[in-house]
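Peer 1: I am attaching a structure below and will ask some questions about it afterwards.
The values are calculated or read from the model by the stated rules, or taken from the named source; none is laboratory data. In this text, all values refer to a predicted model and were calculated from it rather than measured experimentally. As a convention, Cβ positions derive from the backbone with ideal geometry for all residues, glycine included, and neighbour counts pool all protein chains shown.
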């Protein structure tokens, strides 16, 4: 089969772009990966301030409880710029005042759970143990309206401290869209600042990292504030 010159040129350009975008690890392991993340030549530069927020591992203080609607209202604190190096001092202060305030608690329903690709915050390391778990939550145990979802993320640094946070377990729970209670730190994921207007998700604000994940078992009453009924994910099974 003969290819026209234009087709050959297009194939060469695709191959060159793929090589340029290849994301080789920029640290030997997660322990050596700095909180600021890192990158490689030919790959988009990291957003160090965002990576520091994502790579936190513990939450202190009394958590603030959000309803689904209240969480979405955090959009009033959004900045419509993809990279934090482009933010003004006022924009940075506005977001970090929320991120560095009290932890957040959200009760919702588990819609989906997936493993992320290699990312700059995790130094582009390969393997599930080095990747975030993206967890999609909805306000009701029913098919959500387009974009009516909130994302929370379990990071590899926190999972290394909590045995039993298993992706297969999360995928089992999503089959019945289990009621869950998620606690963790707020992060504005500015890489996805325009996702709400694209109806991909309700907000670019996330609980990221998750520091506590609880499940309401079937046929169990679990209230927003009480401890009765709730089971820690790390010890829970169905």
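Peer 1: Just need a number here: residues in the range 180-238 that are closer than 24 Å to residue 145 by Cβ and over 19 Å from the mean Cα position of the chain (by Cα).
Peer 2: The total comes to 2.
Peer 1: Separate question: Any residue at all in the range 77-99 that's closer than 29 Å to residue 172 by Cβ and touching a helix residue (DSSP H, G or I) at 6+ places or on another chain (Cβ under 9 Å)?
Peer 2: We begin by selecting, within the range 77-99, every residue closer than 29 Å to residue 172 by Cβ; these are none.
Checking the range 77-99: not a single residue is closer than 29 Å to residue 172 by Cβ and touching a helix residue (DSSP H, G or I) at 6+ places or on another chain (Cβ under 9 Å).
Peer 1: Scan (1) in contact (Cβ under 8 Å) with a residue 24 or more places away in the chain; (2) in a loop (DSSP other than H, G, I, E, B) for the single condition residue 185 breaks and write down its number.
Peer 2: For residue 185, the exception is condition (2).
Peer 1: Here is a follow-up. Just name the residue that is modelled with the highest pLDDT out of those in the range 42-63 that are surrounded by fewer than 15 Cβ atoms within 10 Å (Cβ to Cβ) and over 18 Å from the mean Cα position of the chain (by Cα).
Peer 2: Pass one, the range 42-63, residues surrounded by fewer than 15 Cβ atoms within 10 Å (Cβ to Cβ): 42, 44-45, 57-58, 60-62.
From what is left, the residues that are over 18 Å from the mean Cα position of the chain (by Cα) are 42, 44-45, 60-62.
Details: 42: 64, 44: 64, 45: 69, 60: 90, 61: 91, 62: 94.
The selected residue is 62.
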